[in-house]
Every structure is written in C-alpha cells, then in structure tokens.
2 protein chains.
Amino acid sequence: MENRNFIGVDIGGTTVKLAFITYNGDILSKWEIPTNKEGNGSSIVEDIAASIKSKQEELNFSHDQFIGIGVGAPGFVDVGEGFIYSAVNIGWENYHLTTALTEETGYDAWLENDANLAALGENWKGAGGQANHLIAVTLGTGVGGGIIGNGQLLHGANGTVAEIGHMTAKTENGRACNCGKTGCLETVASATAIVRSAYDAIEAGEKTTLQEILRQNETISARDVFQEAAKGDQASQSILDEVIHYLGIAIANLAIAINPTRIVIGGGVSQAGDQLLNPLRKVFDQNALKRTSQAAEFVIASLGNDAGVLGAAYLAKQKSGK
Amino acid sequence: MENRNFIGVDIGGTTVKLAFITYNGDILSKWEIPTNKEGNGSSIVEDIAASIKSKQEELNFSHDQFIGIGVGAPGFVDVGEGFIYSAVNIGWENYHLTTALTEETGYDAWLENDANLAALGENWKGAGGQANHLIAVTLGTGVGGGIIGNGQLLHGANGTVAEIGHMTAKTENGRACNCGKTGCLETVASATAIVRSAYDAIEAGEKTTLQEILRQNETISARDVFQEAAKGDQASQSILDEVIHYLGIAIANLAIAINPTRIVIGGGVSQAGDQLLNPLRKVFDQNALKRTSQAAEFVIASLGNDAGVLGAAYLAKQKSGK
C-alpha cells in the first residue's frame, strides 16, 4: 500500500487544515478552508468533502489513490466510536463525525483529539523521533498536550486524556481558569497567561520596559515579554521565572508518571527556544528523579501547524492497518 | 493452556512471596521465604528455585504443569530485558534476574517492578475490575504506584514509570525525601510521613490525644492518627487534612493526564477506608476536570499482599502468550 496516500484533516475553531500525505509522511499538498460555525457547524463536513474533491481534481488524483481520512477535532472525543461528545468552539455536541465524513467522502475516517494528533505528528515526522514514551506540551493560547506510552497515544476513558493545561500547577492563590478550577497550568504558562502577567505588572506600577512596548504597540505579546527579559528587564524576567517554575514542576510530575525519552515543547511560546528550554530543564531536573531526568530529552516541536494533519495521516495509517 | 498454571514471585526487602496460580487467577498455594540479602542477594534466586521445587513435590505438581514465572522486584527494572538496573534494598545492581531464574528453574521468566505488578494484580483479580485506564496508588512506608493505559501497564524509558511517590506534591516548604528532592508526595502521604507529622505536632506542643497514645504505646502509627481524628482530635484531623489535600491534588493531576476509569488506593494507609476515600474524593473533584471526575471511580485495593504474586502471574500469562 506504499504507493497510496492519506488525507489529514485538522479541524480548528477558525480554519480547517487539510493535506494529502504519502504513506511515508511526505506532504503532497496542504491547504486550509474557513471553519463555518453557522448552524452549530452543520456544514463543516460538507465543506471538507467538497474541498477534498476539488483539490483531487485540481491535482489529478483519483479517489482510490487515497486509503482514508484521519481527522483531529478540538474537545472531548470518543476515539473508538469516532464520536464527538462536545467541541464547544465549533458547536458540535454528541456528533458522529467519522460517520458523517465517510458518508460525504466515501472514505473510511478515524478521529482523535487535535492536541493528541499534534503529538502523534511530532512523533512520526517531527521532534519526537518515534519515541515509545513521549510527552508533548503545547504552549499557545491555552496549554494542551498528548502522551505516548508503550508506543501508543494514550486514549483515556472519556476524551480528557493529556489535558495537561488543567493540571493544578499553582496550589495557592491561583488564577481562575475557564474550566472552572483555579491555578491550572494554562493560567500560568499559556501565552495568554504571560500577557496577563505583563498587564498585571504594569497595573501594579512596576518599573518595566513593557510599559513602553504597550505605549508604542497598544498591545503586549508573550514574545515581547521574552524579548524584554532578554534585554534585561527585571519585571519581564520575573514573569518568565514564575512561568518556568510552575511549568517545570508540572512537566516533571508528569514525567515521573510516564518516564518519557522525549519531551516536546510546542506552540507559540516555544518559539522562545533556548531562552525557555534551558531554565525549564533546570527546574525539571530539580523536580524529577535523577533517572527520569537522564532518560528525558527536551526538544522544541519542529512541525509547526503541520503537526495536526501529519498526526491525522499517521492515525489513518495505523487504524487502516494498511 | 487453560489447564496449566503460573508461578508468581514477588521479591521484597524482607520476604519473597510465592504462589502457584491458575490460568484464571485462582491461587492454588501461596507461601513466603525470607529474602537472604547476604552477598548482595546472590543466593536469592537459588532459594526461590529450591522453594518452588520443594513446594511442587509437596503438592504433587509436575514441572510441566506450569507455563512460566512472573517476577516482581523493587527498584528500577528493564522490562524487555528482564534486567535489574538497581534494587538498593536487596543489593542487586545490573543483574539479569530472569536469565538467572530460568537457569535455576528451567522456566521462562518475565520481570516487572513490584509496584507495577501490584497494580496489574489488582486490575486482574482485585479492585481494578480489568480497567483499560487505571491509576494505582500504594500508601505504605513509601508511596508507590502503577499506571495502566490503553489496557497495558505503562513501562516507561528506564524503569522509573509511575513513581508517584516522587511527584512534587508540596512546592513550598516541603520535607527532604530519600530521593534527594524535597516535597515529594511520599514525604506527605506515606504512613511514615503521617507518623512524622504526629511527632512534629507533639513536639510543637499542640494539644492532642496522640500524646497519650505515645505515652501508652511508646510509639505512634498512622492508624492511631486516623483513629484519634475519628474520635475528634483536632491535631490529628489537621494532619490528615494536609495529607488528603496534597494527595488529592497529586492524584487529580495524574488523572488529568491518564483519564482513568478506576483509581485504586492500596497499602496500609488505605485501611482507613471511607475516612480516607470520602474527603480524598472531594479534593480530587475540586482539582480534576469535571469529565475526568465523572469517568473515575475511587476504590480501595482488595488483594492485600496477594496483589504482587497475582500481577506476576498475569504478567507471565500475557508474556507467554499462552
């Protein structure tokens, strides 16, 4: 079956990313379409099917040059059933996504949570290096993740596996999280949290060059905080110190459970590279068992936005057994 | 192969537990021998082999009524190789245990860490109920554990998987742990930690009935602390509140990663039953995602000291493919 291909689909709240991907994980073509959330997302599957068909025609692919579709969606999913319990960003509730996709496209389809698929994609073709034991942490607007144990993506009981962003990182005086809890890792280590800490510092009247950034740009980004810290701004450095302290403990606690060979850090915040990774590694080493530290290599995710579609294609490859 | 049996061996620092166990997990016979640590444990395997042989003779079993040996040992093990990196309590370093066992007994042998095997045993015949996603936490002298994901015991990279006792539970002002870190769950939630907190309370001059217990018995046990708390002693209750606070957060953080259907609490401290489980569940619910809580049932381990040999037999059953 090595001359046939897979279709990777990564459904997000704003866009649906699609790709034709070879058996060996090369991307033949990738593109995206807007996510139409009208009518609780009722036309999304039709849009995907039409887009796949027109791209196949454009590129002169026949229907049977593809084995099937792997699809990632945000929210809580039932992997076995291809069923979405709830994808709040999109409007789906109790929706049998894979059945709908198969009906519209004629292809078999397999579903996973989008963050889990990004981990799978990084492990197949990116920074994971096909590890049998891996933790992926995505530091973006929120904090997500995926866990591979014994060579398999962990699925969990009801679609909440590897929700790393909701580990309680700050047990005292934590911020309220969207999930209803307080002190979640997401309220400390996401880009959103870093920006919020920047505004908090300014409001508290701290002496910081972030104030000048805000005046010039009328906004502050997580990247600004890293840049000002690198230039020597103490307030920015303090913000990052706290991020790295709690993030390092959370990842160490997870690593003690999973005993991974690789820890892949992705998402927008990971673009800080060694400025993030070096101090993170230090906190990690202080909080992990020595042997756990010895086994675990930290790496920055390398696939960017392609991780999801690649993971989706790999899912289809695994599940189709072809 | 259903008419043949397995030999379960659970090697501890004080005794080696052994059992003959049927294909379906019924214990035909169980016994124990002392762990001879002389010469860095060099005679342990011979002792085990001799003991198996004499028990078979005693009970009129032939050699080929058994398929093989599952064995659990403390410390860091390489599951694939049947190799012990380090078992400090016994004296083994870089020891190829399964090869030695096979040479002495003539049986195939398979190795796992002892805490992991206890989890496997509970899941096969005890409180786990054959869950596909399970966390087992053992609250004894130390705190150990095992994790089952996607129906398999997680193995990890180098034998430190599910070392739950060394998750950093108390990020500020934690006690020093034997592992070299501070604030490990083991320094908060083990029987040893509970006893230490009792002595601390007495030394600090707190008004507590534990003082009278100490005077009468010349010692204090974790059980005493539970009993005095149940009778209304505030200092004892405060000790337990702290245990349950940090234990609940640690288990919730782990459950957010694993998304289990069962959480099995074992070890001596678990004998407190609902006095432990009910408040623990409350802290867990506050710190886990709602869906994670909905999926996860808390249960007390039911196999006691038999969990290890049963898990060992199950390991042999799985690995022999018979």
Practice problem: Would you list the helices (runs of 4 or more DSSP H) that sit entirely within the stretch A:174-247 and hold 2 or more residues that are in contact with a strand residue (DSSP E or B) (Cβ under 9 Å, 6 or more places away or on another chain) and closer than 24 Å to residue A:163 by Cα? | Solution: A:186-189, A:191-203
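Results for (1) under 13 Å from the mean Cα position of the chain (by Cα); (2) of a type in the set (Phe, Trp, Tyr); (3) more than 10 Å from chain B (Cβ to nearest Cβ), shown as yes or no for each residue.
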position: A:113; (1), (2), (3): yes, no, yes
position: A:119; (1), (2), (3): yes, no, yes
position: A:138; (1), (2), (3): yes, no, yes
position: A:144; (1), (2), (3): yes, no, yes
position: A:164; (1), (2), (3): yes, no, no
position: A:200; (1), (2), (3): no, no, yes
position: A:204; (1), (2), (3): no, no, yes
position: A:209; (1), (2), (3): no, no, yes
position: A:218; (1), (2), (3): no, no, yes
Quiz item: Any chance the stretch B:7-30 includes a residue that's in a helix (DSSP H, G or I) and open to solvent by 20 Å² or more (accessible area, probe 1.4 Å)?
Solution: no
Practice problem: Report yes if residue B:135 is crowded, with 24+ Cβ neighbours inside 10 Å, outside the structural domain of residue B:185 (by TED's automatic domain parsing) and modelled with pLDDT of 95 or more, otherwise no. | Solution: no
Quiz item: Of (1) in contact with a Pro (Cβ under 9 Å, 6 or more places away or on another chain); (2) farther than 28 Å from residue B:159 by Cα; (3) polar (S, T, N, Q), residue B:15 satisfies all except one. Which?
Solution: (2)
Practice problem: Could you check how many residues of the stretch A:146-164 are among the polar types (S, T, N, Q) and within 15 Å of residue A:314 (Cβ to Cβ)? | Solution: 1
Exercise. Determine whether the stretch A:147-154 contains at least one residue that is more than 9 Å from every other protein chain (Cβ to nearest Cβ), farther than 19 Å from residue A:74 by Cβ, open to solvent by 10 Å² or more (accessible area, probe 1.4 Å) and not charged (D, E, K, R).
Key: yes
Quiz item: Which condition number in (1) more than 14 Å from every other protein chain (Cβ to nearest Cβ); (2) open to solvent by less than 50 Å² (accessible area, probe 1.4 Å); (3) without any contact (Cβ under 8 Å) to a residue 40 or more places away in the chain is the one that residue B:237 fails?
Solution: (2)
Exercise. For the stretch A:88-100, indicate whether the set of residues that are open to solvent by 20 Å² or more (accessible area, probe 1.4 Å), modelled with pLDDT under 95 and small (Gly, Ala, Ser) is non-empty.
Key: yes
Quiz item: Just wondering, is there one or more residues in the stretch B:303-321 that are open to solvent by less than 20 Å² (accessible area, probe 1.4 Å) and assigned to a loop (DSSP other than H, G, I, E, B)?
Solution: no
Practice problem: Mind listing just one residue for me: the one in the stretch A:240-253 that is farther than 18 Å from residue A:135 by Cα and open to solvent by less than 10 Å² (accessible area, probe 1.4 Å) and, of those, farthest from the chain's Cα centre (by Cα)? | Solution: A:240
Quiz item: Among (1) within 30 Å of residue B:168 (Cα to Cα); (2) without any contact (Cβ under 8 Å) to a residue 60 or more places away in the chain, which single condition is residue A:214 missing?
Solution: (1)
Quiz item: Only one of these conditions is not met by residue B:245: (1) in contact (Cβ under 8 Å) with a residue 60 or more places away in the chain; (2) at the interface with chain A (Cβ under 9 Å from one of its Cβ atoms); (3) of a type outside the set (Val, Ile, Thr). Which number is it?
Solution: (1)
Practice problem: Report, by residue number, each residue of the stretch B:254-298 that is at the interface with chain A (Cβ under 10 Å from one of its Cβ atoms) and open to solvent by less than 10 Å² (accessible area, probe 1.4 Å). | Solution: B:254, B:255, B:256, B:257, B:258, B:259, B:260, B:288, B:292, B:296
Exercise. Please specify each residue of the stretch B:47-63 satisfying the condition of being surrounded by 13 or more Cβ atoms within 10 Å (Cβ to Cβ) and among the acidic types (Asp, Glu).
Key: B:47
Quiz prompt | Those residues of the stretch A:75-85 which are open to solvent by less than 20 Å² (accessible area, probe 1.4 Å) and under 15 Å from residue A:163 (Cα atoms), in sequence order | solution = A:77
Quiz item: Within the stretch B:124-135, how many residues are in contact (Cβ under 8 Å) with a residue 60 or more places away in the chain and away from chain A (no Cβ under 12 Å)?
Solution: 6
Quiz item: Just one of A:104, A:93, A:81 is within 14 Å of another protein chain (Cβ to nearest Cβ) and over 17 Å from the mean Cα position of the chain (by Cα); which is it?
Solution: A:93
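The values are calculated or read from the model by the stated rules, or taken from the named source; none is laboratory data. Keep in mind the model is a prediction, meaning the values are calculated, not measured. When we count neighbours, we look across all protein chains shown, and the Cβ atoms used for this are built from the backbone with ideal geometry, even at glycine. Surface accessibility is based on the protein's heavy atoms, side chains included, excluding ligands, DNA and RNA. Shrake-Rupley method; radii C 1.70, N 1.55, O 1.52, S 1.80 Å.
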